[in-house]
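Okay, so here's the structure we're looking at.
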Amino acid sequence: MRLVQRPNPSPLSYLYAAAGSLATSIAVVLAFTGNPEKALQALTTVDPWLVSRIFVVVGIIAATSLLSYRSGLWNIGQEGQAVLGALAAVASQNPAEALAAATAAAAAWALAPALLRALAEVNEAVTTFLLSLAAVYVARYFIEGPLRDPGMRGFIATYEAPALSIAAAAAIFAAVMAGVAALYRTRLGLTLRLLASGEEVVKYAGRSPRFYVLLALLLSGAASGIGGAVEIMTREAGRYMTLQQVSTGFGLYGISAAWLGALHPIGSAAASLYIAWLYQVAINLKILGLPAQVANALVGTAMAWGLAGYVLHRYRLVWR
């Protein structure tokens, strides 16, 4: 068995991947519950406010994935960049300040991997992943130190972030997604997409590959920070960070949505809604007494199917 590149990529592969992900999720739920009635309850019970909130946050981070992956760059540090964005929001006085601070903080966090990739050709997948781990420890320092709320007696937590309505968050999501879609219709966006074909192609077009590597990774990091800020500001309660809940996992969810959505703005938005539904299903399972790790298992299968869809989009299986 081997993979052979398709002369004409098949768009149906992503539909197969979405169907496979849905079938796998239903099978996982049935396996965990062991009861068709409970499984149906877990699959159909929906809190519109929660699903809307998760959809918006995942959708914003999915858009950041489009910026890097469609440029041929592997920014897998969205989780850490979102943590820095949330931390910046906690240190802010109002939503506008929080969004600006989150954008700057996350972009600054992505600067080192971007420079290493552009100037020294250090693999960005490794550096963004390692900095994502480091972001957790940076956040813990601020939670226990400068941003700790002394009013939380006997409980280590930060000050509360300013509140943001779901409507405002949806508007931010729409603006980010529209910005990404519009970017790829410009000459700048075209050059970013050329970068995926190789730096030599960009040089041949008379552009500097280093500049576009820096730009793609910084834009991706900045937008991830916005996602982290929106996540913490739209919580119904507990708009603060604790030592036990620094990393929320939305970076992984956003990456999964991007791949399952064929690295396309509309596709990633649809996949973000699907991921939000999976999050709701995981909460329903938790209410039924099942472990919380089910959420990551469900989203992990969605990411695996998304990557499978990408591979089958470009290649076909040959059995001889």
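Consider segment 116-157 and keep the residues that are out of contact with any Pro (no Cβ under 9 Å at 6 or more places or on another chain) and of a type in the set (Val, Ile, Thr). The one that is least open to solvent (accessible area, probe 1.4 Å) is 143.
Going through 147, 133 one at a time, which residue ends up being in contact with a strand residue (DSSP E or B) (Cβ under 8 Å, 6 or more places away or on another chain), over 20 Å from residue 265 (Cα atoms) and not acidic (Asp, Glu)?
Values: 133 fails: in contact with a strand residue (DSSP E or B) (Cβ under 8 Å, 6 or more places away or on another chain).
One residue alone meets the criteria, 147.
From the list 290, 263, the one residue that fits, being within 13 Å of the chain's Cα centre (by Cα), not in a helix (DSSP H, G or I) and not β-branched (Val, Ile, Thr), is 263. Among the residues of segment 14-27, those that are open to solvent by 30 Å² or more (accessible area, probe 1.4 Å) and either among the aliphatic types (A, V, I, L, M) or outside any helix (DSSP H, G or I) (or both) comprise 15, 18, 19, 22, 23, 26, 27. Counting the residues of segment 194-214 that are in a helix (DSSP H, G or I) and open to solvent by less than 40 Å² (accessible area, probe 1.4 Å) gives 5.
Select from segment 240-260 the residues that are outside any loop (DSSP other than H, G, I, E, B), open to solvent by 50 Å² or more (accessible area, probe 1.4 Å) and more than 21 Å from residue 309 (Cβ to Cβ) and list them in ascending order. The one that is outside any loop (DSSP other than H, G, I, E, B), open to solvent by 50 Å² or more (accessible area, probe 1.4 Å) and more than 21 Å from residue 309 (Cβ to Cβ): 245.
For residue 300, the criteria (1) within 27 Å of residue 136 (Cα to Cα); (2) open to solvent by 60 Å² or more (accessible area, probe 1.4 Å); (3) of a type outside the set (S, T, N, Q) hold in every case but one, which is (2).
Applying a threshold of 9 Å to beta carbon distances and a minimum spacing of six or more residues, or different chains, the list of pairs starting in segment 146-170 at a residue that is in contact (Cβ under 8 Å) with a residue 12 or more places away in the chain and aromatic (Phe, Trp, Tyr) and ending at one that is surrounded by 15 or more Cβ atoms within 10 Å (Cβ to Cβ) and part of a helix (DSSP H, G or I) reads 159/90. The set of residues in segment 28-48 being without any contact (Cβ under 8 Å) to a residue 40 or more places away in the chain, open to solvent by 70 Å² or more (accessible area, probe 1.4 Å) and more than 29 Å from residue 229 (Cα to Cα) consists of 30, 31, 36, 37, 40, 44.
Got a sec? Which of 237, 182, 178 is at pLDDT below 85, open to solvent by 50 Å² or more (accessible area, probe 1.4 Å) and either closer than 28 Å to residue 143 by Cβ or assigned to a helix (DSSP H, G or I) (or both)?
Values: 182 fails: at pLDDT below 85; 178 fails: at pLDDT below 85.
Just a single option satisfies the conditions, and that option is 237.
Within this structure, residue 219 fails the test of being without any contact (Cβ under 8 Å) to a residue 60 or more places away in the chain, farther than 22 Å from residue 39 by Cβ, in contact with a Ser or Thr (Cβ under 9 Å, 6 or more places away or on another chain) and not in a loop (DSSP other than H, G, I, E, B). Residues in segment 49-91 that are farther than 16 Å from residue 251 by Cα and open to solvent by 10 Å² or more (accessible area, probe 1.4 Å) were compared, and the one that is farthest from the chain's Cα centre (by Cα) is 91. Residue pairs whose Cβ atoms lie under 8 Å apart, sitting 6 or more positions apart in sequence or on different chains, and linking a residue in segment 180-196 that is under 19 Å from residue 74 (Cα atoms) and without any contact (Cβ under 8 Å) to a residue 40 or more places away in the chain to a partner that is β-branched (Val, Ile, Thr) and open to solvent by 50 Å² or more (accessible area, probe 1.4 Å), are 194/201. Among all positions in segment 122-145, there is at least one residue which is among the polar types (S, T, N, Q) and outside any helix (DSSP H, G or I).
The values are calculated or read from the model by the stated rules, or taken from the named source; none is laboratory data. Predicted, not measured: the structure shown is a model, and the values here were computed from it. Don't worry about glycine lacking a Cβ; one is built from the backbone with ideal geometry, like all the others, and counts go over all protein chains shown. Accessible surface is based on the protein model in full, side chains and every heavy atom, while ligands, DNA and RNA are left aside. Shrake-Rupley method; radii C 1.70, N 1.55, O 1.52, S 1.80 Å.
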